[in-house]
Structure formats: C-alpha cells, structure tokens
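Asks: The following block contains the structure, expressed as structure tokens.
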Amino acid sequence: MREVSGKTDILGIIGNPIEHTLSPLIHNTIAEIDGHDTVYIPFHIKNETLEVGVKGAHGLGVRGMNVTVPYKKEVMKVISDIDDMAKAIGAVNTLVYEENGFKGYNTDAYGFSRELKENGIDVDSKDVIIVGAGGATNAVVNALLSMGAAKIYMLNRSTEKAKAAFGSIPEVEVYALSEWDKIAAGKYFCAQCTSVGLAPNDDESPIMDEGFFDLVDSVVDIIYRPAETKFMKLAKEHGARVFNGLDMLLYQAIESYRLFTGHEVSEKAIDEARRRLLKALN
Ligand code: ATR
C-alpha cells in the first residue's frame, strides 16, 4: 500500500461498472517506479450522479481522472473545457484539473498510434481496414488519419450506423461485414474495433471467412481479454503479425498520467506496468 500524506495528489477513474478496471494498476505502478506522490482510485459513479460526482471531485481538488464506459461522451456536458482532439473524436477519457473545472482530453488515439509505432506498423499513405463502427472506432480513425492513412475501408454489421457516424469523413468507405470482397486485392493493416470475441465469447469473430484474412498483413485487435482473439488467430494463420489491445490501454494511460502530472513516464515504469498487467490478466 502506498503511503498517502497531505501532499499526495489524488487521481482516479470514473465508470459504471468499474470493478474490473486495470487503470489503477497502471497508474499506481508508474507512481511507485518513477517515485511520484500520486494515488489512483476507482470511483463507481451511477448515471444520475455523474454531474455531481465530477463537480464534487473538482471541488475536492482531484488532480485528474480517467473516464470509461459509459461516460466518455456524457462527461463532455459537465466539464468546463475540451481539447480539440477530444472534440474531433467526440469523446473524453481524461479529465485534468484546471482552476475553473476539469478540461477533457482523449488519449485513446495516442495509445493506438503509439502501439502501431512501437510495433513498426507504418500506415503513412497506405489504405487500411477497420472492422467496427462503435465508440472505440472514433479514436482509431483519428489515429490512423493523423498517421497519414490514405483510404479507410470500414466494415460494419450495420452500414447505416457506420455511415451515420463516419460517412462524412472523405477517407472512409463503408461496407457490410460480408462485403469484404469489395476491398481491392492487396495486403493491409487492419484494426479490429468491434466487441465481438471479447471474453467469454472467445470463439467469436466478426468475420470468419478465410478469404478476408488473405487481405491482412498486420492486425491490432483492441480487445485484450482474451489475449488472443479468434480474429487474431485467424489472421495469424494467414501469416499476419497480430497484436491485442493491451498496449493501447497501457499507452493511453501513460499519456493520461503525463497530462495529469506533467511527468513523462519512464521506460522502466512502462515495462513494469506491462509486466503487472500481463500477470493480472493471467
Ligand atoms: P459501442 O462501442 O458504441 O458501445 P457496441 O455495441 O459495443 O458499441 O459495438 C461496437 C461495435 O461492435 C459496432 O461496430 C457493432 O456493430 P453495429 O454498429 O452493427 O452494432 C459491433 N458489434 C457488436 N456486436 C456485434 C455482432 N454480434 N456482430 C457484428 N458486429 C457486432
């Protein structure tokens, strides 16, 4: 247990449910390894108390909070300022204390981009594939475009939903999941952003067709429970390099910690946080 004193900065995360969050593990490991006086606490906030909870946390001087499901959009209504990137993504996952209220940021796109960079995946001027058009897709689209992706083939169960959310982005072309064969022959990076395959449904994949996986040379599945999804297994069997969403989770936290405290997180703390995450998930 970290020692808490009158000088300790309080950080936390709000969500509903919150009991399975891995964020306290990451942030408290950073504080321990890098020797910072912060403590990070999960807060289970019910829908009807979101506003009073966030304003109360500000009143108590909480220095920063992460925001998770289901509040990433809703929280935007109860904070005093929103960073441009978070506005573009349409969701906030990080609140940073400012005198007049919390300012909202989104570090998910940073987390995704850094996972790609660390693994040598270059999408600059390349066409890419995204499977899924839910909440998580916003940050992934933003990250891929900021890394220079040319065209984004977006495959989704509901083409209407995907078009409503992403159809206005010129680089995005929307298709149904079964229409993967409309993608021009080639080898693509693919981001799997649906919730299909999440534990305990380990044997499910949004696309099962072998032919689709011939189109893919590298995959990031944003799921990290299980560590290897069915989608990743199928892609691997077709020779693709595959990565789960754990590093995206880790790197979004690293960027949040930097925004909360101004401290760059050391490589040693990142490695130790990853080691503990892997242990917690096993
Ligand atoms: P959100 O992330 O916005 O909360 P979600 O319901 O978890 O949304 O769904 C995220 C993504 O998973 C969406 O792309 C969703 O497809 P639809 O837009 O067609 O709903 C996709 N998804 C969820 N369940 C699915 C399933 N059984 N088959 C295929 N795609 C699915």
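None of the figures in this text is laboratory data; all of them are computed from the coordinates on show. Please read these numbers as outputs of a predicted model, since none were measured by experiment. FYI the Cβ positions are ideal-geometry reconstructions off the backbone, even for glycines, and counts take in every protein chain you see.
Asks: How many angstrom separate the Cα center of the range 38-109 from the Cα center of the range 173-248?
Replies: So the separation of the two Cα centres works out to 31 Å.
Asks: How high is the relative contact order of the chain, in percent, counting Cα pairs under 8 Å that sit 6 or more residues apart?
Replies: Working: 528 pairs, mean separation 47.4, N = 282.
Computed value for the chain: 17 percent relative contact order.
Asks: Nearest-5 percent of antiparallel DSSP beta bridges in the range 110-244? Present the calculation step by step, with values, prior to reporting the outcome.
Replies: Numbers: 0 of 21 bridges.
Among the beta bridges of the range 110-244, antiparallel pairing accounts for roughly 0 percent.
Asks: Please tell me which of these pairs span more than 26 angstrom C-alpha to C-alpha: 236/279; 126/163; 72/187; 117/268; 117/279? Please report the intermediate quantities before stating the final value.
Replies: On the way: 236/279 24 Å; 126/163 22 Å; 72/187 34 Å; 117/268 18 Å; 117/279 24 Å.
Cα-Cα > 26 Å for 72/187; rest within.
Asks: Non-local amide H neighbours of residue 156 (under 5 Å, H modeled in plane, Pro and chain starts lacking H): which ones?
Replies: 132, 175, 176, 177
Asks: Hey, another quick one. Between residue 238 and residue 181, what FRET efficiency follows from the Cβ-Cβ distance if R0 is 22 Å, with the result rounded to 0.05?
Replies: Values: r = 15 Å, r/R0 = 0.69.
Result of the calculation: an efficiency of 0.90.
Asks: How much net charge surrounds residue 203 when only the other residues with a Cβ under 13 Å from the Cβ of residue 203 are counted, with Lys and Arg +1 and Asp and Glu -1?
Replies: After counting each charged neighbour, the total is -1.
Asks: How would you rank 237, 115, going from fewest to most other Cβ atoms within 10 Å of each one's own Cβ? Intermediate values should be presented prior to the final figure.
Replies: Working: 237 11, 115 23.
Least crowded to most crowded, the residues run 237, 115.
Asks: Another one. How long are the three semi-axes of the equivalent ellipsoid of the range 129-282, in whole Å, if each is the root of 5 times an eigenvalue of the C-alpha gyration tensor, listed from largest down?
Replies: Numbers: eigenvalues 151, 76, 38 Å².
Computed over the range 129-282, the values are 27, 19, 14 Å.
Asks: Using helices alone, what [θ] at 222 nm do you get for the chain, with -39,500 (n - 2.57) per DSSP H run of 4 or more residues, divided over all residues and rounded to the nearest 500? Show your work: numbers first, answer last.
Replies: Values: 10 runs with 102 residues, N = 282.
About -10500 deg cm²/dmol.
Asks: Another question about this same structure. When the scattering of the chain is computed by the Debye formula from its Cα atoms alone, each counted once and equally, what is log10 I(q)/I(0) at q = 0.07, 0.13, 0.14 Å⁻¹?
Replies: Results for the chain at q = 0.07, 0.13, 0.14 Å⁻¹ read -0.26, -0.88, -1.01.
Asks: Would you grab the residues whose amide H sits under 5 Å from the one on residue 62? Only those 5+ places off in sequence or on another chain, please, with H modelled 1.01 Å from N.
Replies: Result for residue 62 returns nothing.
Asks: Could you tell me which helices of the chain pass both thresholds, a Cα extent of 20 Å or more along their own axis and a mean Kyte-Doolittle hydropathy of at least 0.0, with helices taken as whole DSSP H runs?
Replies: Numbers: long enough: 246-261 (23 Å, 0.44); 267-281 (21 Å, -0.70).
The answer, listed by residue number, is 246-261.
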